[in-house]
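Notes for the one structure printed next.
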Amino acid sequence: MNRDFSLLIGLLAALFGAVLLWAFLGAVLADPGARLADLALELLPRAGMANPATAVLLNYRAFDTLLELVLLFAAILGIWAVGVAHPGFVPAGAALRAMVAWAVPLLVLAAGYMLWVGFDAPGGAFQAGALLGAVGVLLRLAGDPTGGLPGPRAQRWLVGSGVASFVLVGLGLLLAGRGFLNFPAGAAKWLILLIEVAATLAIATTLAAAYIGGRRDPPA
Amino acid sequence: MLPQALYGAAGILLFVIGLWSLLVHAAILRKLIAINIMGSGVFHVFIAIAYRGPAQAPDPVPHALVLTGIVAAVSATALALALAARLEQSAEQDPVHHG
């Protein structure tokens with residue numbers, strides 16, 4: 001691109017940044033007024049968990065998170081639709097293989113802990129899913145072409161499990177006479193744990209399969 | 001208040017750098033990296049907004065949005081990379097129509 005033109009774009013972008021900064025500082029320095037945080041923290045005892053971020057994700061804004069999982073599902077369907085995975089990796093050296101043999105069990109353990117601790121402290125399905133997805137990336141880098149993932153059919157079930165469990169729990173609550181994803185205070189923790197386990201597996205499979213970057217089987 | 005303002009300003013700086021790179025560079029990989037830098041800037045601003053002073057707990061709502069946003073951004077980038085790889089593949093096979 002023309003040098004003058006890119007300078008002009010830089011100038012305009014800087015101006016835009018100045019406007020954003022002005023708005024941000026205005027919002028931060030001014031009295032914040034009433035925020036959702038107060039409501040979120042106040043209702044925490046009824047949400048079934050002590051970590052407000054998990055409560056926002058899976059209780060107050062559960063519908064939002066359901067759509068987030070739908071987005072992940074759509075992305076992996078797109079990746080699988082676009083093409084077949086390249087076998088693009090070289091066999092790993094002995095040091096990397098030894099490191100992976102140590103790191104993978106620890107990462108799986110850490111993911112399980114992260115999922116469980118998400119009720120009381122920072123953690124939850126998305127962090128645990130990212131850790132488990134990293135296991136797939138590591139295994140693939142260390143020379144396992146499948147990235148530790150099961151066969152294509154099981155992968156499809158795993159990828160869909162997050163959305164499916166969310167919708168099934170929501171429909172179950174609907175049948176029980178409550179709103180869609182309107183959790184009762186007593187059972188909220190266990191219903192949400194069910195969703196979170198499925199969501200963790202779905203996120204991990206999606207991320208690892210996205211790293212592989214295509215279908216493994218040639219189109220039938 | 002100052003760390004919060006600096007953190008948010010750094011986020012806006014990242015956003016602007018990413019925006020400039022997105023508009024100026026033609027290569028699709030550079031555009032993708034630029035969009036991701038813009039996204040990181042937005043996450044920075046969200047985290048800065050969540051801070052409510054040392055006396056109060058941070059606002060969990062922007063935290064939760066960033067949490068899901070990171071995973072969504074990664075998977076959207078993966079889809080974009082898959083599309084870009086396919087685009088390159090078809091350009092190699094049919095240079096007249098895609099070159």
Considering Cα pairs under 8 angstrom that are at least six residues apart, work out the relative contact order of the stretch A:63-220 and quote it in whole percent. 37
A:76, A:9, ranked by accessible area, largest first (probe 1.4 Å): A:9, A:76
Order of exposure, largest accessible area first, which applies to B:21, B:40 with probe 1.4 Å: B:40, B:21
What per residue convex hull volume, in Å³, comes out for the stretch A:47-94 when only alpha-carbon positions are used? 123
Per-residue SASA entry for residue A:86, accessible area with 1.4 Å probe, Å² rounded to 10: 120
What's the Cα-based Rg to Rh of chain B, Rh via Kirkwood? 1.16
Expressed as a rounded percentage, what relative contact order does chain B have, with Cα pairs under 8 Å and six or more residues apart? 24
Which helices, counted as full DSSP H runs in chain A, have an axial Cα extent of no less than 20 Å and a Kyte-Doolittle average of 1.6 or above? A:3-29, A:62-82, A:94-117, A:125-141, A:188-212
Ellipticity estimate at 222 nm from DSSP helix runs (n ≥ 4, -39,500 (n - 2.57)) divided over the protein assembly as shown, nearest 500: -25000 deg cm²/dmol
Calculated FRET value between residue B:2 and residue A:102, using beta carbons and R₀ = 51 Å, to 0.05: 0.75
About the Cα centre of the protein assembly as shown, what is the dipole size in debye to 20, counting +1 per Lys and Arg Cβ and -1 per Asp and Glu Cβ, all else neutral? 380
Over chain A, what per residue volume does the convex hull of the Cα atoms give, in whole Å³? 203
Which residues' amide hydrogens lie under 5 Å from the amide hydrogen of residue A:215, considering only partners 5 or more residues apart or on another chain, with H built in the peptide plane? A:83, A:84, A:85
Quick one: if you stick a label point 7 Å off each Cα along the C-beta vector at residue A:34 and residue A:3, how many nm between them? 5.8
So, for the Cα atoms of the stretch A:46-147, Rg and Dmax in Å stand at 17.1, 52
If you rank A:99, A:114, B:1 by how much accessible surface each has, with a 1.4 Å probe, what is the order from largest down? B:1, A:99, A:114
Projecting the Cα atoms of A:69, A:124, A:154 onto the charge dipole of chain A, where Lys and Arg contribute +1 and Asp and Glu -1 at Cβ, the residue farthest towards the positive end is A:154
With +1 on each Lys and Arg Cβ and -1 on each Asp and Glu Cβ, and nothing else charged, work out how big the dipole of the stretch A:8-144 is about its Cα centre, in Debye to the nearest 20. 320
Counting only C-alpha contacts under 8 Å and six or more residues apart, can you give the relative contact order of the stretch A:1-133 as a whole percent? 20
19 Å cut-off, amide nitrogen to a point 7 angstrom out along residue A:43 Cα→Cβ, residues in the stretch A:184-211: A:184-193
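The values are calculated or read from the model by the stated rules, or taken from the named source; none is laboratory data. Everything numeric in this text was worked out from a predicted model, so none of it was measured. For neighbour counting, all protein chains shown are included, and Cβ atoms are generated from backbone atoms with ideal geometry for every residue, glycine included. Quick note on the areas: whole protein, heavy atoms, side chains included, nothing else; ligands and nucleic acids left out. Shrake-Rupley method; radii C 1.70, N 1.55, O 1.52, S 1.80 Å.
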